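Single-structure report; data block below.
Taken together, the values in this text are just the output of simple stated rules run on the coordinates, not laboratory data. Model, not experiment: these values are computed from the prediction. So basically every Cβ, Gly included, is an ideal-geometry build from the backbone, and we count neighbours across all protein chains shown.
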Amino acid sequence: MTSRRSSMRRRISKWKESLLHWDRRMVHTIGDNRALQKLGRMFMTATTLGDGYLWASLALGLLLFGGAAGRRYVGVGFGVTVANILSFRLVKTMTGRVRPTTSQEQRLRTRIDGYSFPSGHATTSFGLAWVVSNAYPHVAIQTSVYVVAATIAFSRVVVREHYPLDVLGGAILGSAVAASLFPFLTRLAF
């Protein structure tokens, strides 16, 4: 029985190391891609907008022009975002995964913290995309918010602030938090 567990642990450890090796390799493959480098400004803009500017602008528009339903969904989005920030901060602290290595100048200019998993941009963007797509179930809106969320998340890999698995983990975490809180928060009166 003990040798079976030991064998299973070795296989899991080997699989995990292989996955992390792929992740480290991919951040450099994506970051060094010439076609993506030509779109560098677009990805830097997406990263900057993912700091909250885009979602805050959407919230302001809904507050001003969205009526009672818009105000309610801004409250839901705010609640989901707070929960997502708390969640990704907790997971980052627990995992302690260090961000990809970049130049010292870029590290000082762009980093809020040194931890990488999960991506906070991906977590909050996919959480808000989930809220918007469920609050406004129109294909054009749903497609648009997920394209925006995916672009913000992918930009984090292109600018080498996160590994691909950080972004994937953030997207899953953000969506899961939004899916679990949305029914509860929509019943509250904001």
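Which angle from 0 to 90°, rounded to the nearest 10, does the C-alpha axis of helix 120-135 make with the longest principal axis of the chain?
Here the helix axis deviates by roughly 40 degrees.
Output the relative contact order of the range 2-187, whole-number percent, from Cα pairs under 8 angstrom with separation of 6+ residues. Intermediate results must be reported in sequence, preceding the final value.
Values: 224 pairs, mean separation 56.7, N = 186.
Relative contact order, the range 2-187: 30 percent.
Measuring from centroid to centroid over Cα atoms, what is the spacing of the range 154-190 and the range 7-37 in Å?
Cα centres, the range 154-190 to the range 7-37: 22 Å.
Helix-only estimate, please: 222 nm mean residue ellipticity of the chain, summing -39500 (n - 2.57) across DSSP H runs of length 4 or more and dividing by its residues, to the nearest 500.
-27000 deg cm²/dmol
Distance in nm between label sites at Phe65 and Arg41, each 7 Å beyond Cα in the beta-carbon direction?
With each label placed 7 Å out from Cα toward Cβ, I get 2.7 nm.
Quick check for me: using +1 on Lys/Arg Cβ and -1 on Asp/Glu Cβ, what's the dipole size of the chain about its Cα centre, in debye to the nearest 20?
800
Which residue fluctuates the most in the chain, going by a Gaussian network model with Cα springs under 10 Å, if the choices are Pro164, Pro100, Pro118?
Among Pro164, Pro100, Pro118, the largest mean-square fluctuation in the Gaussian network model of the chain belongs to Pro100.
Of Gly174, Leu19, Val132, which is farthest on the positive side of the dipole of the range 2-187, counting Cα position, with +1 on Lys and Arg Cβ, -1 on Asp and Glu Cβ, and the Cα centre as origin?
The Cα lying farthest towards the positive end belongs to Leu19.
On alpha carbon coordinates alone, what is the Rg over Rh value for the chain, Rh being the Kirkwood radius?
1.04
Angle check, please: helix 2-31 long axis (alpha carbons) against the longest principal axis of the chain (alpha carbons), in degrees 0 to 90, nearest 10.
Helix 2-31 and the main axis of the chain meet at about 60 degrees.
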